[in-house]
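K.L.:
Encoded as structure tokens, here's the structure I'll be asking about.
The values are calculated or read from the model by the stated rules, or taken from the named source; none is laboratory data. Source: prediction; values computed, not measured. For neighbour counting, all protein chains shown are included, and Cβ atoms are generated from backbone atoms with ideal geometry for every residue, glycine included. These area figures cover heavy atoms from the full protein model, side chains too; ligands, DNA and RNA do not enter into them. Shrake-Rupley method; radii C 1.70, N 1.55, O 1.52, S 1.80 Å.
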Amino acid sequence: MTLHAKGVISVASETVHPRLSPPAGPPAAEADASVGPDAGSGLDPAFALHRGGKMAVRATVPVRDADDLSLAYTPGVARVCQAIADQPELVHEYTWRSKVVAVVTDGTAVLGLGDIGPAASLPVMEGKAILFKQFGDVDAVPIALDCTSTDDIVETVVRLAPSFGGINLEDISAPRCFEIERRLQERLDIPVFHDDQHGTAVVTLAALRNAARLSGRELAELRVVISGAGAAGVAIARILLGAGVTDVVVCDRKGVVSTDRADLTNVKRELAGITNPGGLSGPLASALEGADVFIGVSGGTVPESAVARMAPKGFVFAMANPTPEVHPDVAARYASVVATGRSDYPNQINNVLAFPGIFAGALRVRASRISEGMKLAAATALAEVVADELSPSRIIPSPFDERVAPAVAAAVAEAARTEGLARA
């Protein structure tokens, strides 16, 4: 069974494996002149890069002759299949399952584009898959589902699960995303992780740890206001509370999420019960008065006058893309640390700092799930990568810092072992 150890295929980015044959069709230079959104005027380079897709499947073993074929496929493969049938745990050793993740979406909340459907979401899912490979050496397969019902999505993913070691839920709109993740976690014994929630939360916590460290403050001293009560906002609030922040206020379009509001969803009602210890109400601007931290995951706009009323030397993490809730130049007039979701400003809070290492660590030990403790460990490890290099423009590592994924993976694997969630 040596040939089949760890599987016989993997997923590869076209750019990482240039020897792979290009997709059928005319060369890009010829096609650019006649086909595509900018036909006749020169193709947008994004379209040039995406032509034919960004990834492919490649073999990890040779099939050069009859002997190779008899081992990789019949009759040799039958012996491996029978062994797995007799001892199901062998699937992790003799297939790719222990190292591959499904990137699953229904296309209802894609980047800043909203509900564009499964087909239009596929370039993003391919992108996510190659980021898994590039930054965490984790194989990933994009799966865009042509259904939006919570029941349909859950049942479909459960039926797909035997092929994968983990499930990364992506760009599924709230509030359905919360129930979908919860139900899949209950039914599957592999990690299920909604990156829009937890990846964002892990990186935000890491950045906040270092901003607090840089200013000589503890997390428990900070009053935090979050703009946005969707997937990311809810997850950030929860992870900050778990990390020791005691005063968190979350705002949606109608203002502070508080227990006196009658228009809250079940998720927001539960959130109101664990946040807003001062019993605030009213608009975001009033909540920001005297706040130490603003975290934006809403896509709205915060007026400069509201930022000016924050506590001195505060932190502004305005993470909406492409237009932050507070322009970095405006935020810098009042805050001691400014972060965004953009790559053209310092302190980019980018999910790619979290999800590759989190899954790499979870898969390494065959964790049954990703716990809150594993997320907190990931955030701490991520913060520590640049703990000795801190400055107002460097509270979080670059996505291209090669120390990131190994540090996060090691911390997640160790936390899984400590919590009894590891099986290898």
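K.L.:
Which one is farthest from Met319 (Cα to Cα), of the residues in the stretch 339-367 that are of a type in the set (Gly, Ala, Ser) and open to solvent by less than 30 Å² (accessible area, probe 1.4 Å)? Break it down stepwise before answering.
P.N.:
First, the residues of the stretch 339-367 that are of a type in the set (Gly, Ala, Ser): 339, 341, 343, 354, 357, 360-362, 367.
From what's left, open to solvent by less than 30 Å² (accessible area, probe 1.4 Å): 339, 341, 354, 357, 360-362, 367.
Numbers: Ala339: 7, Gly341: 4, Ala354: 16, Gly357: 21, Ala360: 25, Gly361: 26, Ala362: 27, Ala367: 31 Å.
For the stretch 339-367, the residue satisfying everything is Ala367.
K.L.:
Shifting gears a bit: Cβ-Cβ under 7 Å, sequence separation 6+ or interchain: first residue in the stretch 114-134 and touching a residue at least 40 places away in the same chain (Cβ under 8 Å), partner of a type in the set (Ser, Thr, Tyr). Which pairs?
P.N.:
From residues that are touching a residue at least 40 places away in the same chain (Cβ under 8 Å), the pairs are Asp115/Thr108; Asp115/Ser173; Ser121/Thr105; Met125/Thr105; Ile130/Ser13; Lys133/Ser13; Gln134/Ser13.
K.L.:
Can you confirm whether the stretch 203-222 contains a residue that is of a type in the set (D, E, K, R), part of a strand (DSSP E or B) and within 19 Å of Ala287 (Cβ to Cβ)?
P.N.:
no
K.L.:
Does at least one position in the stretch 368-376 carry a residue that is in a loop (DSSP other than H, G, I, E, B), under 28 Å from Gln134 (Cα atoms) and open to solvent by 50 Å² or more (accessible area, probe 1.4 Å)?
P.N.:
Yes, there is a match, as at least one residue in the stretch 368-376 is in a loop (DSSP other than H, G, I, E, B), under 28 Å from Gln134 (Cα atoms) and open to solvent by 50 Å² or more (accessible area, probe 1.4 Å).
K.L.:
Pro324 passes all but one of (1) in contact (Cβ under 8 Å) with a residue 24 or more places away in the chain; (2) more than 20 Å from Ala287 (Cβ to Cβ); which number fails?
P.N.:
(2)
K.L.:
Here is a further query. Please verify whether Ala311 is open to solvent by 10 Å² or more (accessible area, probe 1.4 Å) and part of a loop (DSSP other than H, G, I, E, B), treating the condition exactly as stated.
P.N.:
Judged against the criteria, Ala311 is a match.
K.L.:
Right, here's the next one. If the requirement is being out of contact with any strand residue (DSSP E or B) (no Cβ under 8 Å at 6 or more places or on another chain) and part of a loop (DSSP other than H, G, I, E, B), which of these qualifies: Pro397, Pro356, Pro406?
P.N.:
Only one candidate qualifies: Pro397.
K.L.:
While we're looking at this one, here's another question. For the condition in contact (Cβ under 8 Å) with a residue 60 or more places away in the chain, closer than 20 Å to Leu214 by Cα and part of a helix (DSSP H, G or I), what is the one hit in Leu382, Leu363?
P.N.:
Checking each option against the conditions leaves just Leu382.
K.L.:
Related question: Hey, among Gly199, Gly233, which residue is more than 20 Å from Leu288 (Cα to Cα), in a helix (DSSP H, G or I) and at pLDDT 95 or above?
P.N.:
Step by step, each of Gly199, Gly233 is checked, and only Gly199 is more than 20 Å from Leu288 (Cα to Cα), in a helix (DSSP H, G or I) and at pLDDT 95 or above.
K.L.:
How do the pairs read when you match residues in the stretch 264-280 that are closer than 22 Å to Ser173 by Cβ with residues anywhere that are β-branched (Val, Ile, Thr) and open to solvent by 20 Å² or more (accessible area, probe 1.4 Å), using Cβ under 7 Å and keeping only pairs 6 or more apart or on different chains?
P.N.:
The qualifying pairs are Ala272/Thr259.
K.L.:
On the basis of being surrounded by 18 or more Cβ atoms within 10 Å (Cβ to Cβ), of a type in the set (A, V, I, L, M) and under 23 Å from Lys128 (Cβ atoms), does Ala405 make the cut?
P.N.:
Numbers: surrounded by 18 or more Cβ atoms within 10 Å (Cβ to Cβ): yes; of a type in the set (A, V, I, L, M): yes; under 23 Å from Lys128 (Cβ atoms): yes.
The answer is yes for Ala405.
K.L.:
Right, here's the next one. Scan the stretch 218-239 and tell me whether some residue there is under 21 Å from Lys375 (Cβ atoms) and touching a His at 6+ places or on another chain (Cβ under 6 Å).
P.N.:
Within the stretch 218-239 (the criterion being under 21 Å from Lys375 (Cβ atoms) and touching a His at 6+ places or on another chain (Cβ under 6 Å)), the answer is yes, since at least one residue qualifies.
K.L.:
Among (1) crowded, with 19+ Cβ neighbours inside 10 Å; (2) within 30 Å of Arg183 (Cβ to Cβ); (3) not charged (D, E, K, R), where does Thr418 come up short?
P.N.:
Failed condition: (1).
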